[in-house]
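Structure first, commentary second.
The values are calculated or read from the model by the stated rules, or taken from the named source; none is laboratory data. Please read all numbers here as calculations on a predicted model, not as lab measurements. Cβ coordinates were reconstructed from backbone atoms using ideal geometry, including for glycine residues, and neighbour counts include every protein chain displayed.
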Amino acid sequence: MQDMIWTMAIWWTPVVALALLLVITKKAVVSPVWLVVSIGIYAVYTGAIFFGIDLPGISGMFEDQKYNWSGKILAIVASLIMIAAVIVPSKRLNLADAGLTLKQEQGSVIPSLIVVAGMVAFIVGLQLLVNDGTNLDAETLIYQATIPGMDEELMFRGLLLLTLSLAVSGRAWDLMGATIPWGAVLATLFFALGHSIFVQNAVVQADWVALVITGILGGALMWIRLRTGSILLPIIAHNATNLANQFF
């Protein structure tokens, strides 16, 4: 528990520091309330993954089960509940603000699919370079084809993007048809940190290669989300990339 608290503190410190820098340089306006809400939301999400219950019928689905199916399913449910808790009381927010829509922005699908193909090619190229073997057991393939995209896109490109955009408001800029707010930058930074720096037994462990790779892939996923206005293609892209990673 203590390791997890320190890990989250390390993840959030650069995000909060960047937000304060934007205020100091007058690049953005920060809402402390929404920033605290964002931190609280992620704490609940993390608690659902690591400290939730074992769902009946989920544990033991596979022999020598190695993935935390129950925790991830609970995290998905928790994200949906928290999205509702943020949106329902508001008169100006709707589900599409969290990416929960099937509607795709006009002209966004083709360029987004090109980016998806680029992501898959990127991860396959890396795997061919390191040549660390395949991972083709049934549980891995089913898990990677379904859970990571639904879970992490709901949180990072859905709810956290929304609350961090409410927390840090300022000038946005256009990147090849996608409007990029500061909240997207902060969410992508947090995504990269969350996949590369951990505290185990009071010792900080950092994988700088993973930081760069997840930063690139997280940035691509964020661009697709903002270009299409939906988390549908990011979910597909995330799962396709994870699945392709197992074959090389």
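Going by the structure shown, is residue 155 assigned to a helix (DSSP H, G or I), within 19 Å of residue 214 (Cα to Cα) and in contact with a Phe, Trp or Tyr (Cβ under 8 Å, 6 or more places away or on another chain)? So residue 155 fits the description; yes. On the stretch given as the stretch 167-188, residues that are within 21 Å of residue 8 (Cα to Cα), in contact with a helix residue (DSSP H, G or I) (Cβ under 6 Å, 6 or more places away or on another chain) and either without any contact (Cβ under 8 Å) to a residue 60 or more places away in the chain or assigned to a helix (DSSP H, G or I) (or both) total 6.
Checked against the criterion of being buried (at least 18 other Cβ atoms within 10 Å of the Cβ) and without any contact (Cβ under 8 Å) to a residue 40 or more places away in the chain, the candidates 55, 95, 74 yield just one match: 74.
Could you check the stretch 189-229 and list, in sequence order, the residues that are of a type in the set (S, T, N, Q) and more than 14 Å from the chain's Cα centre (by Cα)? Of everything in the stretch 189-229, those that are of a type in the set (S, T, N, Q) and more than 14 Å from the chain's Cα centre (by Cα) turn out to be 200, 201, 205, 228. Within the stretch 195-248, can you find the residues that are of a type in the set (S, T, N, Q), in contact (Cβ under 8 Å) with a residue 12 or more places away in the chain and in a strand (DSSP E or B)? The answer is 200, and nothing else.
Residues that are not in a loop (DSSP other than H, G, I, E, B) and not hydrophobic (A, V, I, L, M, F, W, C) were ranked within the stretch 71-111; the one that is farthest from the chain's Cα centre (by Cα) is 111.
Residue by residue, here is whether (1) modelled with pLDDT of 95 or more; (2) of a type outside the set (Lys, Arg) holds:
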site: 6; (1), (2): yes, yes
site: 43; (1), (2): yes, yes
site: 48; (1), (2): yes, yes
site: 64; (1), (2): no, yes
site: 72; (1), (2): yes, no
site: 78; (1), (2): yes, yes
site: 84; (1), (2): yes, yes
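With respect to (1) modelled with pLDDT of 95 or more; (2) part of a helix (DSSP H, G or I), the lone exception for residue 128 is condition (1).
Among the residues of this structure, residue 118 counts as one that is at pLDDT 95 or above and exposed (fewer than 15 other Cβ atoms within 10 Å of the Cβ).
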